[in-house]
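As structure tokens, the structure follows; a few thoughts come after it.
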Amino acid sequence: MIYLLKLLILAFCLSRSVGQEEPSILLDLFDYSVTFRQSVCARQREISNGTRSLGNALEGLNLNVFLAADGRYFSLDETGAIDTLAPGLIADLLDGVASRGRFTWRNSFGIIEGVQLPENRTYDELLTWSVQSFDVSAAYWTKSISRLDRGVSFPEGFIDASVIIIGFTAKSDSSLNMWSFLEPFSTTVWIMIIVTIFFSAAAYQFLDWCDHRADALSLGKDPTHNLFLTAMTFTGNFEFQPATNVARLFAVSLAFWGLIVTSAYTANLASFLVVQNTPAYEISDLGDAVKNSYSICVSRSTIAEQALKNAYPEARAVEVETEAELFSGIREGICKIALTTRASWDEYQSNRDLNGDCRLAWIGRTFLPAEGGFTTQSDSGVLCTSLVRDVLNLHLLEMTETREVERLWKKHLQQTATINCAIKEAPEEDDDTTQLSIEAMWGTFIVHFILTGVAVFVAAFHHWCGTLKCTKMKPQFVRSTQGSLHPTETTHGEQNGKNSVSGEEVFSNDLGPARGSIQQQCEEMINTQNQKLAAMVKQNTELLEIIKGINTSEQESKALTSEPDFPPELPMWENSLIENYLGEFEGTG
């Protein structure tokens, strides 16, 4: 039993030692005194004499590989070992080539964390050091003439590293949208606004029904006008004239609701217009951008920067450290356009954080065609590392022809994508240009509904408890049985009683079943109105007497005038008509 346990422990330790996938090579960047490159010259001679094929030239060899653990193309887990779930595109490609060439790499690799370099170093220097120190530099390297001249050898590329221009572009849908004015609010918010308008109009109508003094406009007679004024509140136009406390409470609530909703709509509409109308930069190539003095974001010490400076030394280049900063630089206004590779664009265009509204796009023509992939040292005599290049080149070509490289690239894009601009996915609701949802506007509606409810409750309580018995007195003129005009009073929709005095109708103070102080107040109001009207009648009587005297004088003057050219007669008051009016007013006085 003890022997069997020892065998199990030994087997476990051997499996760990053979299968460990943690970095086993400690790196000292730019230290040229140490190299992990192996000699394969013996294998090269076997190929030359025909005893070994090129495809199996590295069979059984454990290649020493340089990698950049950037979390993008190659990833480690929390323990520092290669991530088993998502190792990255580079690991998948190395596994594919190793299985075909029958060699290994997972037990002998060194890494650098991230891809940022010291300020005094360039990517060309890092590439030169890595190929001189390792059998393979398995990172994302762009092929260029300057790097070939440094002695760097490039097998078959697997990434489109062509340099392209990225910038804002106009939306492809240029058709008219007659409903664009509804975009600031969600559908639920618009429904709630309509419901609130009708609810508020009904509530104010109820307040006016409970007390005709609620509003100076007497809206109880025209519900449609009440609804119109309520709807106009949404536009910021408030025309109500509340005259009671409960009506004022409702008016304050409605006005505050209208202020919040109108302000939110205006602000969000402006945000939509600003974002949707961000100007696109219509350029066909990089020369147009330089001619227009566009600021151009470009990653420091990359092939794109070198190509830009070589072609356009006068260009306004803005150096950034990472590729992600290229896209954020455009959005933040640091630069108008950016130079990146086609592979980086294919990846970052589906990144929600960098292109959530899908407004960034590849514009113009390709600036510099190129491809990228693994690299080795160009060495055919000292350590014969060129053989490693030839083997990698053979198997990468096989993977390309069988579309294995294309499959792995699509897999990588699917794993890194967080948004699909191909179907124009709408931005999330927490973006700056999103519709305001009912969750964001709910508090405004709740406050208005509560205050309106309070106003309605108070008005109903006063009405049904009989505390609002006396309403506005409305003077009217009615005709007596003899056809003459007489003033009378109506109260609460009920005409006052009538008393006959000298065969004529006069004011009556019979108000019906009024109680207490309310009855006394109503009687005082009627007496006051009677006194004012009597004074008006007296003034009118005196005025008519004056008019009668004037007419008499004019008639006498006419009789004494004998000139033939005397002006024609003017229309005069008939004394008989005046006497009739005087008789009627004297009866009421």
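The values are calculated or read from the model by the stated rules, or taken from the named source; none is laboratory data. All values derive from a computational prediction rather than experimental measurement. What goes into the accessible areas is simple: the full protein's heavy atoms, side chains included, and nothing from ligands, DNA or RNA. Shrake-Rupley method; radii C 1.70, N 1.55, O 1.52, S 1.80 Å.
At-a-glance table
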read-out: 25 Å Cα-Cα threshold exceeded, pairs from 143/336; 336/411; 143/410; value: 143/336; 336/411
read-out: Karplus (6.51, -1.76, 1.60) ³J(HN,Hα), θ = phi - 60°, over the stretch 289-300, in Hz, Gly and Pro reported as x; value: 5, 5, 4, 8, 6, 6, 7, 10, 7, 8, 5, 5
read-out: Inverse mean reciprocal Cα-Cα distance (Kirkwood Rh) of the stretch 13-122, Å; value: 15.8
read-out: Global geometry of the stretch 305-425, whether rounded, prolate or oblate, following the gyration tensor of its Cα atoms and the 1.5 cut on a/c; value: oblate
read-out: Protein-only accessible surface order, largest first, of 192, 441, 232 at 1.4 Å; value: 232, 192, 441
read-out: Residue 367 long-range amide H proximity, modeled H, under 5 Å; value: 163, 164, 165
read-out: Accessible surface of the stretch 87-139 [probe 1.4 Å, protein heavy atoms]: carbon and sulfur percent; value: 46
